[in-house]
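A quick write-up on the structure given underneath.
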Amino acid sequence: PAAEGSAVGIAAYGPGQLDNVRVNRVFAYDAFNRPTGSLGPSWRTRAGTIALVDQTARGMIDSSSLTTFSHITGNQVEGDIAANPDGQLNFAAFVLNYKTGSSNLFIKFQNQDADVGFEKIGCYTGNNGSGFGPGFFNLTSPVNTAHVKIWVNSARTVTILLTRVNGGTANQLYSCAGAPPAEGNLVGLGSFHGGRVDNVRASEFAPTVGTFLPMIMR
């Protein structure tokens, strides 16, 4: 059902036991629900030009663009993506571990042909730079819209989870091993040729096994 509120908690019956409960704290969130124009002071442009158009962040048509949250860090970045309905080459991307831009993690979803959906995913170091893991590879099925969560664990494997694919209940899960050591801890987004990014957030804890340490209970 639709959410009735935002509180979370635990429940148990009989001897059922719970421990080490954690609620993910959102450091920053931007729904881009502002007039068309500049992204504003919450963002710092690192490459190209990204602007607000119809309350979504979009890279301008002639530039591969990247921006990060100003002074906001996180272990997970997420947001909604949509391909440019005009087709042609376009991508929507997210960035993790950003500092100087030479070995940050740049994960993009790209429309490589003239249709209206993304059919490729890329795991890159640097800003749209060199591939790691499988590099640049096919999505299991084309994606017009989706909600994306991206995080990296201590073994330097990046996990990419797509939910609400094309407005439905389908999920897609990918991983890219062999990411370089973190150069920093800023997060942000990227876009080229009008790929849409919306509702971006940076969270404190990445949902990995390493985050939630096992506890022996007696």
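Any residue at all in segment 78-96 that is surrounded by 16 or more Cβ atoms within 10 Å (Cβ to Cβ), polar (S, T, N, Q) and under 21 Å from Ala177 (Cα atoms)? Before you say what the answer is, go through the steps one by one.
Step one: list which residues in segment 78-96 are surrounded by 16 or more Cβ atoms within 10 Å (Cβ to Cβ), which gives 78-84, 90-96.
Those still in the list that are polar (S, T, N, Q) too: 84, 90.
From what's left, under 21 Å from Ala177 (Cα atoms): none.
Within segment 78-96, none of the residues are surrounded by 16 or more Cβ atoms within 10 Å (Cβ to Cβ), polar (S, T, N, Q) and under 21 Å from Ala177 (Cα atoms).
Leu52 is checked against (1) over 26 Å from Ala206 (Cα atoms); (2) not in a strand (DSSP E or B) and fails just one. What number does that condition carry?
Looking at each condition in turn, Leu52 falls short on (2).
Restricting attention to segment 116-127, does a residue exist that is of a type in the set (D, E, K, R) and under 18 Å from Phe192 (Cα atoms)? Before the answer, list the steps.
First, pick out the residues of segment 116-127 that are of a type in the set (D, E, K, R): 119-120.
Next cut, under 18 Å from Phe192 (Cα atoms) only: 119-120.
There is at least one residue in segment 116-127 that is of a type in the set (D, E, K, R) and under 18 Å from Phe192 (Cα atoms).
Within segment 1-37, restricting attention to residues that are outside any loop (DSSP other than H, G, I, E, B) and at pLDDT below 95, which residue is most open to solvent (accessible area, probe 1.4 Å)?
Step one: filter segment 1-37 for residues outside any loop (DSSP other than H, G, I, E, B), giving 26-30, 37.
Retained after the next criterion (residues that are at pLDDT below 95): 26-29.
Numbers: Val26: 63, Phe27: 81, Ala28: 10, Tyr29: 116 Å².
Filtering first and then ranking leaves Tyr29.
Which of the residues belonging to segment 13-52 are without any contact (Cβ under 8 Å) to a residue 40 or more places away in the chain, touching a Ser or Thr at 6+ places or on another chain (Cβ under 8 Å) and over 22 Å from Lys99 (Cβ atoms)?
Within segment 13-52, Ala51, Leu52 qualify.
Of everything in segment 138-178, what is within 16 Å of Ala93 (Cα to Cα) and among the small types (Gly, Ala, Ser)? Give them in sequence order.
If the condition is that a residue be within 16 Å of Ala93 (Cα to Cα) and among the small types (Gly, Ala, Ser), then Ala146, Ser175 are the ones that fit.
Taking the condition assigned to a strand (DSSP E or B) and open to solvent by 30 Å² or more (accessible area, probe 1.4 Å), does Arg46 pass?
On the way: assigned to a strand (DSSP E or B): yes; open to solvent by 30 Å² or more (accessible area, probe 1.4 Å): yes.
Here the answer is yes, as Arg46 does meet what is asked.
Scan (1) at pLDDT 95 or above; (2) within 19 Å of His71 (Cα to Cα); (3) among the β-branched types (Val, Ile, Thr) for the single condition Thr100 breaks and write down its number.
Checking Thr100 against (1) at pLDDT 95 or above; (2) within 19 Å of His71 (Cα to Cα); (3) among the β-branched types (Val, Ile, Thr), the one that fails is (1).
Please specify each residue of segment 153-181 satisfying the condition of being of a type in the set (A, V, I, L, M, F, W, C) and modelled with pLDDT of 95 or more.
To start, the set of residues in segment 153-181 that are of a type in the set (A, V, I, L, M, F, W, C) comprises 155, 158, 160-162, 165, 170, 173, 176-177, 179.
Answer for segment 153-181, where residues must be of a type in the set (A, V, I, L, M, F, W, C) and modelled with pLDDT of 95 or more: Val158, Ile160, Leu161, Leu162, Val165, Leu173, Cys176, Ala177, Ala179.
The values are calculated or read from the model by the stated rules, or taken from the named source; none is laboratory data. This one's a predicted model, so the numbers in the text were calculated from it and none came from an experiment. For neighbour counting, all protein chains shown are included, and Cβ atoms are generated from backbone atoms with ideal geometry for every residue, glycine included. To get the accessible areas, we keep the full protein, side chains included, count just its heavy atoms, and leave off ligands, DNA and RNA. Shrake-Rupley method; radii C 1.70, N 1.55, O 1.52, S 1.80 Å.
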